[in-house]
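Q: Sharing a structure here in structure tokens format.
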Amino acid sequence: MTPPLTGPAPARRLGARARTAVTVVAVLLLAGSATGYALHAGHRPGGQRGGADASFALGGPALYFRDSATGRVAHQPLSAAAGTAERTAGGPVCDRFHAAGGTALCLRAEPGVLPKTYAVVLDRSLREVSRTTVPGVPTRARVSASGKMLAWTVFASGDSYSTTGFSTRTAVLDLRTGYLVKSLEEIPLTVDGVRYHSPDVNYWGVSFARDDSRFYATVSTKGRTYLVEGNMSDWSARTLRENVECPSLSPDSTRIAFKKKVSDDPAAPWRLYVLDLRTMAETALAETRGVDDQAAWTDDGTVAYALPGADGRASDVWSVPADGTGAPRLSVAGGSSPVAVSGAVPGAAGSQ
């Protein structure tokens, strides 16, 4: 079956009532942060509206991230501990950022009565290639290892059946063809082996496999969240496991880092886990604080993620071993959207 080309599908309601308060708070915080950075970008000199400096590009190996103080993308050596290395600034203004294979995706919020997001595709020099305007507030961004497949998620509103007033919309863009799937909600879904239909189906947190067809994501429906394995080639998706959110596939494609709901406490409902895709065994990571982020693998043994900073507003980037050992390490003070960039040429041996 061929995925739809045009027409944004209706957004779907977020799932469990127990998560409603968390979702609303998160949306409001994201909206406030995005508005502030969008206003900052709009007043940049030269009419660049938040573009990267001419000397700033995708290199590596390095850890790229969004600098909380400026809203711009910066980078530092992968092995550097927070405060031990001077970060290199000058990247584009983004609210969410991800990069791989010589391609970057920058989600940039624009304020207004009805907030909107620009999904900006950037090349290796971080110059704009294209942009898509999406109604809503940016929340997740992912680029496949080849740099050819992109996905983004925004918080949206307006569903007649949505009691919270908030929902998500996830889109997928194939740069090889220019093919844009405006909403993953149209993909045929199988839950526990049975074809599933419900108006509240809701996707977010896409993570692509190396074949640029298979992907993992979260689906929410009837108050439950599931890990979904999807396939763009045959346009299908099936649930693999319950209570999995924001999956992130490891570089060796054997494990998924994810956040698992472990409490009804709205201050810390989730904890980071890693799932072995062969055995389906879960491992709780040494990070015991509540992580509301889509973790990023910096190598086959480490994941990075953002947590609120000491001031309760700006976030910091932390990292932790992926096997449950060790302890969390502060990687970037005042940062978010971490992504390890190898600097390898796409398609070359050992490329990202």
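Q: Fully extended, how many nm does the chain gain between MET280 and ASP192 (0.36 nm per residue separation, minus their Cα-Cα distance)? Don't skip to the answer; put the middle values down first.
A: Details: separation 88, 0.36 × 88 = 31.68 nm, distance 1.55 nm.
30.1 nm is the gain from fully extending MET280 to ASP192.
Q: How many angstrom lie between the C-alpha centres of segment 197-259 and segment 130-144?
A: 18
Q: Just to confirm, what accessible area per residue do you get for segment 260-316 at 1.4 Å probe, in whole Å²? Present the calculation step by step, with values, prior to reporting the outcome.
A: Values: 2660 Å² over 57 residues.
Per residue, segment 260-316 has an accessible area of 47 Å².
Q: PRE reach from ASP300 (point 7 Å along Cα→Cβ): which of segment 257-272 fall under 20 Å by backbone N?
A: It comes to 257-258, nothing else.
Q: Looking at the square roots a ≥ b ≥ c of the eigenvalues of the Cα gyration tensor of segment 193-274, which shape do they give, rounded for a/c under 1.5, prolate if a/b is larger than b/c, or oblate? Show your work: numbers first, answer last.
A: Working: a/c = 2.50, a/b = 1.20, b/c = 2.08.
Oblate shape, in that a/c is at least 1.5 and b/c is the bigger or equal ratio.
Q: Using 1/(1 + (r/R0)^6) with R0 = 35 angstrom and r between the beta carbons of ARG176 and GLU242, what's the FRET efficiency to the nearest 0.05?
A: Numbers: r = 34 Å, r/R0 = 0.96.
Between ARG176 and GLU242 the formula returns 0.55.
Q: Return the FRET efficiency for the residue pair SER233, ARG127: r is the Cβ-Cβ distance, R0 is 22 Å, and the value is rounded to the nearest 0.05. Working shown, then result.
A: Working: r = 31 Å, r/R0 = 1.39.
E between SER233 and ARG127, to the nearest 0.05, is 0.10.
Q: Measuring from centroid to centroid over Cα atoms, what is the spacing of segment 313-341 and segment 270-305 in Å?
A: Segment 313-341 and segment 270-305 have Cα centres spaced 11 Å from each other.
Q: Label-point separation (nm) for ARG214 and THR288, each offset 7 Å from Cα along Cα-to-Cβ?
A: Result for the modelled spin labels: 3.6 nm.
Q: Classify segment 115-240 as rounded, prolate or oblate, taking a ≥ b ≥ c as the square roots of the eigenvalues of its Cα gyration tensor: rounded when a/c is under 1.5, otherwise prolate if a/b is larger than b/c and oblate if not.
A: Numbers: a/c = 2.33, a/b = 1.25, b/c = 1.86.
It comes out oblate by the Cα gyration axes.
Q: Say each of LEU330 and ALA69 gets a label point 7 Å from the Cα, pointing the same way as Cα to Cβ; how far apart are those two points in nm?
A: Reported label-point gap for LEU330 and ALA69 is 1.4 nm.
Q: With the full set of protein chains in place, find how many percent of the accessible area of segment 89-156 is carbon and sulfur; take the probe as 1.4 Å. If you can, show how the numbers build up before the last one.
A: On the way: 1100 of 1960 Å².
Ligands and nucleic acids excluded, carbon and sulfur give 56 percent.
Q: Quick check on segment 240-344: take the gyration tensor over C-alpha atoms, sort the square-rooted eigenvalues as a ≥ b ≥ c, and tell me if it's rounded (a/c under 1.5), prolate or oblate.
A: Numbers: a/c = 1.86, a/b = 1.13, b/c = 1.65.
Here segment 240-344 falls in the oblate category.
Q: Which whole-Hz ³J(HN,Hα) couplings does segment 335-340 yield from phi under the Karplus relation 6.51 cos²θ - 1.76 cosθ + 1.60, θ = phi - 60°, glycine and proline marked x?
A: Karplus values, whole Hz, x for Gly and Pro: x, 7, 6, x, 8, 7.
The values are calculated or read from the model by the stated rules, or taken from the named source; none is laboratory data. Bear in mind that the values here come from a model prediction, so they are computed numbers and not experimental data. FYI the Cβ positions are ideal-geometry reconstructions off the backbone, even for glycines, and counts take in every protein chain you see. These accessible areas exclude ligands, DNA and RNA; they are computed on the full protein's heavy atoms, side chains included. Shrake-Rupley method; radii C 1.70, N 1.55, O 1.52, S 1.80 Å.
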